[in-house]
1. Of everything in segment 86-141, what is over 17 Å from the mean Cα position of the chain (by Cα), among the polar types (S, T, N, Q) and under 18 Å from Ser152 (Cα atoms)? Give them in sequence order.
2. Out of the residues in segment 123-135 meeting the condition of being out of contact with any Gly (no Cβ under 9 Å at 6 or more places or on another chain) and more than 12 Å from Leu185 (Cα to Cα), tell me which one is surrounded by the fewest Cβ atoms within 10 Å (Cβ to Cβ).
3. Before we move on, is Glu182 in contact with a strand residue (DSSP E or B) (Cβ under 6 Å, 6 or more places away or on another chain), among the acidic types (Asp, Glu) and under 20 Å from Ile6 (Cβ atoms)?
4. Spot the failing condition for Ile12; the list is (1) more than 27 Å from Asp127 (Cβ to Cβ); (2) outside any loop (DSSP other than H, G, I, E, B); (3) open to solvent by 20 Å² or more (accessible area, probe 1.4 Å), and only one is missed.
5. Please verify whether Ser138 is in contact (Cβ under 8 Å) with a residue 40 or more places away in the chain and either surrounded by 20 or more Cβ atoms within 10 Å (Cβ to Cβ) or under 28 Å from Leu190 (Cβ atoms) (or both), treating the condition exactly as stated.
6. Among the residues of segment 160-183, write down those that are under 26 Å from Leu31 (Cα atoms) and outside any helix (DSSP H, G or I).
7. How many residues are within 18 Å of the chain's Cα centre (by Cα) and open to solvent by 50 Å² or more (accessible area, probe 1.4 Å) if we restrict to segment 33-61?
8. Part of a strand (DSSP E or B) and either at positive phi or over 15 Å from the mean Cα position of the chain (by Cα) (or both) - does that describe any residue in segment 63-74?
Amino acid sequence: MFTGIIQAVGSIASLQQRGGDLRIGIATGKLPLEDVALGDSIAVSGVCLTVVELAGSRFFADVSGETLRRTSLGGLGVGDAVNLEKALTLATRLGGHLVSGHVDGIGSVISRRQDSRSVQFSIQAPDELARYIAVKGSICVDGVSLTVNAVSGASFELNIVPHTLEETTLAGFRAGRQVNLEVDLIARYLERLLLGDAAAQPEAGSGLTRELLESCGFSGTRK
């Protein structure tokens with residue numbers, strides 16, 4: 001688990017193809033690795049990766065084909081900047097929100113505009129994630145815990161203050177950039193909980209739908 005409060009900006013140091021998977025080497029910048037052991041988790045731009053090798057100020061992790069397909073990691077090259085956060089402990093301040101490091105989908109930056117010293121971004125999310133994104137709710141973008149300012153369909157707006165721009169990769173975001181999105185954990189579990197016994201039905205995998213509710217005895221007719 002993570003908090004979405006970025007501890008350092010690192011960079012891709014190496015990429016090694018290994019039978020369809022990828023071993024990725026990360027230069028961690030100002031992030032110390034003295035307390036990191038093999039098997040520990042580190043979030044790389046919002047993707048939870050397991051440390052399999054340590055070498056000085058670098059760590060290495062294996063990235064599966066599934067992760068490469070479902071996140072933006074597959075499009076990174078050597079030298080690209082990444083947001084880094086170590087897994088939280090029971091003594092960690094929860095300054096952001098609970099983040100699992102399991103990316104729900106890839107979004108894209110629609111626009112960027114200056115607003116005084118802050119920057120406002122508009123981001124397009126996959127349609128299937130729209131129901132989890134709420135005004136003033138939390139969302140994780142490339143590992144950064146952020147507050148949603150506005151929502152329009154499957155797109156949402158963010159206001160990024162100068163400190164966050166300085167301490168993360170968000171300063172480099174431009175229109176067209178792909179970003180990893182993780183919706184609020186509470187929203188995901190709440191949807192599943194609302195399904196009740198219907199959660200055991202195969203069609204429940206797509207979440208709450210009118211058809212599923214009607215099959216469970218709920219009617220859309222108002223009295």
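1. Ser111, Gln120
2. Looking at the filtered set, the residue picked out is Val135.
3. Here the answer is yes, as Glu182 does meet what is asked.
4. Unmet for Ile12, out of (1) more than 27 Å from Asp127 (Cβ to Cβ); (2) outside any loop (DSSP other than H, G, I, E, B); (3) open to solvent by 20 Å² or more (accessible area, probe 1.4 Å): (3).
5. Yes: the conditions hold for Ser138.
6. Ile160, Val161, Thr168, Phe173, Arg174, Arg177, Gln178, Val179, Asn180, Leu181, Glu182, Val183
7. 1
8. There is at least one residue in segment 63-74 that is part of a strand (DSSP E or B) and either at positive phi or over 15 Å from the mean Cα position of the chain (by Cα) (or both).
The values are calculated or read from the model by the stated rules, or taken from the named source; none is laboratory data. The structure presented is a predicted model; accordingly, all values stated were derived computationally and were not measured. Glycine gets a Cβ as well: all are built from the backbone with ideal geometry, and neighbour counts include every protein chain shown. In case anyone asks, the SASA skips ligands and DNA or RNA and just uses the protein heavy atoms, side chains included. Shrake-Rupley method; radii C 1.70, N 1.55, O 1.52, S 1.80 Å.
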